[in-house]
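In what follows, a single structure is set out as structure tokens and then discussed.
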């Protein structure tokens, strides 16, 4: 009965997105999409999950299963549907809860990422607040951005732990260029009690979100954040952020011509400045590497996540342009693609 009641009609919504100056992720264009009407009778969470999964599939929304499950689990006070008490899954939803589900799932129809809808996401063992247009780790596939960033964190952790060794008084400072939500810096700080970190981003939204997440996690006293653009403010970066033991970055590395092929979730909602690396994807990467010798302590290292086409380009460019840096190695991700570059400052 509930299926027929819900499927018998749709509400077509015409939405004009906000054009407030701060809401850069919003488009001025009007969009029309259809959402199922609220059910006439009561439904259970499992029925709602199935209904919205099918509707997301029909409308071409990516990850329809995860989308419906995460949104509805969130409204039930859980991380995943599997963690919801079985009894609750088969109880009828209140009218208020049903309306909340319809409101959030309708936002997903606009291709707003789930992380922005529920306003949080887990990265490694941390729960981070999320807001557009700041970069978000995604749980899509084994080669997702989330997994790549986690692998980048593991590379830095392994080296810093080795450098720290058993000395309780050993201290290191890490600089993150392009901090986004703070996922990398905050993970490193959570794992290494002696570590100090400096995080900067060209987006004030990202800096604010990193500060908020640091405060929530209780590591704000070991983190400095700065609203700086390495392309425009290199001298300020030098004065505030050196010397450091490690420089880590998941920079804008997409080739400009590849941007149009991105999913609507990224194109419509994320800051393009955090994605577009220029014609060859190397604009910001080359700037970081040019600055690195002045920022790093002797033998300090640079860790970059890059496009699979980049490692040989970076190797040759550094050899020709930055003699103070030595290209150490290229690391591959779990799918075997070359995704990480490690470089080191030459010491005396």
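The values are calculated or read from the model by the stated rules, or taken from the named source; none is laboratory data. Note that the structure is a prediction, hence the values are computed from the model and not measured. Here the Cβ positions follow ideal geometry from the backbone for every residue, glycine too, while neighbour counts run over all protein chains shown.
In region 282-305, the count of residues that are under 27 Å from residue 131 (Cβ atoms), in the same structural domain as residue 341 (by TED's automatic domain parsing) and at pLDDT below 95 is one or more. Do the conditions hold for residue 210, that is, is it touching a helix residue (DSSP H, G or I) at 6+ places or on another chain (Cβ under 8 Å), closer than 18 Å to residue 126 by Cα and buried (at least 16 other Cβ atoms within 10 Å of the Cβ)? Here the answer is yes, as residue 210 does meet what is asked. Residues considered: 294, 268. Of these, the only one that is touching a helix residue (DSSP H, G or I) at 6+ places or on another chain (Cβ under 8 Å) and surrounded by fewer than 22 Cβ atoms within 10 Å (Cβ to Cβ) is 294. Listed here are the helices (runs of 4 or more DSSP H) enclosed by region 49-131 that have at least 2 residues being more than 20 Å from residue 265 (Cβ to Cβ): 86-90, 95-109. Counting just the residues of region 324-337 that are in contact (Cβ under 8 Å) with a residue 12 or more places away in the chain and part of a loop (DSSP other than H, G, I, E, B), which one comes out surrounded by the most Cβ atoms within 10 Å (Cβ to Cβ)? Once the filter is applied, the top-ranked residue is 333. Filtered by the rule that a residue be surrounded by 18 or more Cβ atoms within 10 Å (Cβ to Cβ) and in a loop (DSSP other than H, G, I, E, B), region 32-48 gives 39, 43. Restricting region 76-96 to residues that are farther than 27 Å from residue 135 by Cβ and surrounded by 15 or more Cβ atoms within 10 Å (Cβ to Cβ) leaves a set whose member that is farthest from the chain's Cα centre (by Cα) is 93. The criterion of being within 27 Å of residue 132 (Cβ to Cβ) and under 21 Å from the mean Cα position of the chain (by Cα) does not hold for residue 100. Only residues that are closer than 19 Å to residue 231 by Cα and touching a strand residue (DSSP E or B) at 6+ places or on another chain (Cβ under 8 Å) were counted in region 285-312, giving 12. Step by step: first the residues of region 313-323, then only those that are touching a strand residue (DSSP E or B) at 6+ places or on another chain (Cβ under 8 Å) and surrounded by 13 or more Cβ atoms within 10 Å (Cβ to Cβ), then the one that is farthest from residue 288 (Cα to Cα). Which residue is that? Once the filter is applied, the top-ranked residue is 315.
Per this entry, residue 197 is counted among residues that are touching a strand residue (DSSP E or B) at 6+ places or on another chain (Cβ under 7 Å), assigned by TED's automatic domain parsing to the domain that holds residue 290, in a strand (DSSP E or B) and touching a residue at least 12 places away in the same chain (Cβ under 8 Å).
When the criteria are applied in full, residue 176 fails the requirement of being surrounded by fewer than 23 Cβ atoms within 10 Å (Cβ to Cβ), on the phi < 0 side of the Ramachandran plot and in contact (Cβ under 8 Å) with a residue 12 or more places away in the chain.
Residue check: residue 225 meets all listed conditions (1) at pLDDT below 95; (2) more than 25 Å from residue 267 (Cβ to Cβ) but one, namely (1).
Residues are listed down the side, and each one gets a yes or a no for (1) more than 29 Å from the chain's Cα centre (by Cα); (2) at pLDDT below 95; (3) over 27 Å from residue 123 (Cα atoms):
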site	(1), (2), (3)
6	yes, yes, yes
28	no, yes, yes
32	no, yes, yes
38	yes, yes, yes
52	no, no, no
69	no, no, no
74	no, no, no
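Among the residues here, residue 310 does not qualify as farther than 30 Å from residue 67 by Cβ and either surrounded by fewer than 21 Cβ atoms within 10 Å (Cβ to Cβ) or outside the structural domain of residue 335 (by TED's automatic domain parsing) (or both).
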